[in-house]
Amino acid sequence: MVLQTSSLAFEVRRYKPELVAPANPTPHEFKLLSDIDDQKGLRYHIPLVQFYRCKPQMAGKDPVQLIREALAKTLVFYYPLAGRLREGPSGKLMVDCNGEGVMFIEADADVTLEMFGNIFLPPLPCFDELLYNVPGSDGVIDCPLLLIQVTRLKCGGFIFALRMNHTMSDGSGISQFLKALSEIACGAPKPSILPVWRRELLCARDPPRVTCIHQEYQQIPPDSKSIFKPHHRSFFFGPKEIASIRELLPHQQVSQPTSFDVLTSFLWRCRTIALQWQNPDQEVRLLCIVNARYGRCKFNPPLPEGFYGNAFVFPAAVTTVGKLCGRPLGYALELVKKAKDEATEEYVHSVADLMVTKGRPCFTTLGSFMVSDLTKAAFRDVNFGWGKAVYAGLAKGGLGNIPGVSFYLPFTNSKGEQGRVVPICLPVDAMERFEKELDDTFKIKKDTMILMSNL
């Protein structure tokens, strides 16, 4: 269940970074971000990476040139991404759609895809080589909103790596952009889903009115438990692991909760135990990402197809260390389900109103664990002509300098079992305790099965 990436060292030859501008003239205008977009907790860059195998039918075609040209054409439709962020009164962010361009890097690596091994997982080895941090490019204001590096491999495959400013898009929005880029790379004249800006749909009301309780934004000074040098490791949870976790729940809860709810409550509890908080009355939070495009939180009328801005909230489940660690798993599960149920359309509007009345606060970091389900983001389906990606997803856990963030990614293990891989960031000693919590849980299940077979 603990998954290790291969240890690998290789050299990358990078050519001079360049700015790729839209292929045709685009409007020069200012576009306001929404009040969900420009909160302080999203002023970071999201790194993604996708690995592609050699495809004989694409022999003679250069993925760097193909993607660079497609990028210029795609930016005609997504022209705000070629602009720069400016900050207005009260910290309000807006895009100066000046067509300056996105950062693009061409590279070659003296390595084959096979040398990475059979498991592509965050944290990926040598990722800094696969997505070079061009000096001065990683800020928020007046910096490129998108950085792309395409690295050719000795075997004929390539690696596509991307870093996008989170204020511009969430996972669904990035997936939509990548689909458009791949479609144009394959010869389409325009994206099958045209981008829609409409950020005003998620701006504060006039006058703003905060109608919900938002414990996810309670401002608590950070301490040593929330600021640490993270140790990254990935864990796989397939059907067997989820079934084992369900057996820890009371019978009446076993069939009701989703796999996401079961796994999230389990990881929250294990992570809290591993951190060994000294004060049992210390508050801890589970921040659960809920997307306004889907489910109970879905808008009526829905957000327009093609909307690529941030459209999510993260309601908080709140309890104390003593209660979370001292009570059965079902207690954590009920808190998670209750928090998700709070996320309605009104809740989203209330968050936007909170942003403008409270100075666009960052979410609470002290004692917080945030999870985001990207299993349906379809990053792996992005096809530039070389087929689907061998791996596509986050390069590592965490968000910017906030380690308490994990993403659920789709994954198929070496046995062909489909499940989720979850990158976890913890201090080294806490990671050892976290692994022990998981091992003890599944060992109990194994021993129970052996005992039953002997009856």
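Taking Cβ atoms as reference points and 9 Å as the exclusive limit, the residues near Ile105 contribute a net charge of 0, counting Lys and Arg as +1 and Asp and Glu as -1. Note on Cys126 and Lys229: with the Förster distance fixed at 25 Å, the Cβ-Cβ geometry gives a FRET efficiency of about 0.85.
For segment 296-329 versus segment 156-177, the inter-centroid distance based on Cα atoms is 22 Å. Apolar share of the accessible surface for the chain: 53 percent from carbon plus sulfur atoms, 1.4 Å probe. Over all other residues within a Cβ to Cβ distance under 11 Å of Ala378, the charged ones net out to +3, with Lys and Arg as +1 and Asp and Glu as -1. Excluding same-chain neighbours fewer than eight residues apart, the aspartates and glutamates reachable from Lys337 by a Cα-Cα span under 14 Å are Asp261. Applying 0.36 nm per residue to the separation of Lys40 and Lys240 and subtracting their alpha-carbon distance, the gain on full extension is 68.1 nm. Under the criterion of Cα pairs below 8 Å and six or more residues apart, the relative contact order for segment 69-170 equals 29 percent.
Projecting the Cα positions of Ile424, Gly400, Asn413 onto the charge dipole of segment 388-438 (unit charges on Cβ atoms of Lys, Arg, Asp and Glu, taken about the Cα centre) puts Asn413 furthest along the positive direction. Loop-located trypsin sites (Lys or Arg not before Pro) in segment 269-364 (DSSP state not H, G, I, E or B) with no more than 13 neighbouring Cβ atoms inside 10 Å do not occur.
Beta bridges assigned by DSSP with both partners in segment 66-168 are antiparallel in approximately 65 percent of cases. According to the square roots a ≥ b ≥ c of the eigenvalues of the Cα gyration tensor, what is the shape class of the chain, taking rounded for a/c under 1.5, prolate for a/b larger than b/c otherwise, and oblate for the remainder? Note, shape of the chain comes out oblate. If the segment from Glu29 to Gln418 were pulled out straight at 0.36 nm per residue, it would be longer than the present Cα-Cα gap by 135.5 nm.
Computed about the Cα centre, the dipole magnitude for segment 27-72 is approximately 340 debye when only Lys and Arg (+1) and Asp and Glu (-1) carry charge, each at its Cβ.
Net charge within 12 Å of Pro423 by Cβ-Cβ distance, Lys/Arg positive one each and Asp/Glu negative one each, not counting Pro423 itself? Cβ neighbours under 12 Å give a net charge of +3. With protein chains left intact and a 1.4 Å probe, residues in the chain average 43 Å² of accessible area per residue.
The values are calculated or read from the model by the stated rules, or taken from the named source; none is laboratory data. Predicted model only: the values in this text are computed from it and were never measured. Don't worry about glycine lacking a Cβ; one is built from the backbone with ideal geometry, like all the others, and counts go over all protein chains shown. Heavy atoms of the whole protein, side chains included, go into the accessibility calculation; ligands, DNA and RNA do not. Shrake-Rupley method; radii C 1.70, N 1.55, O 1.52, S 1.80 Å.
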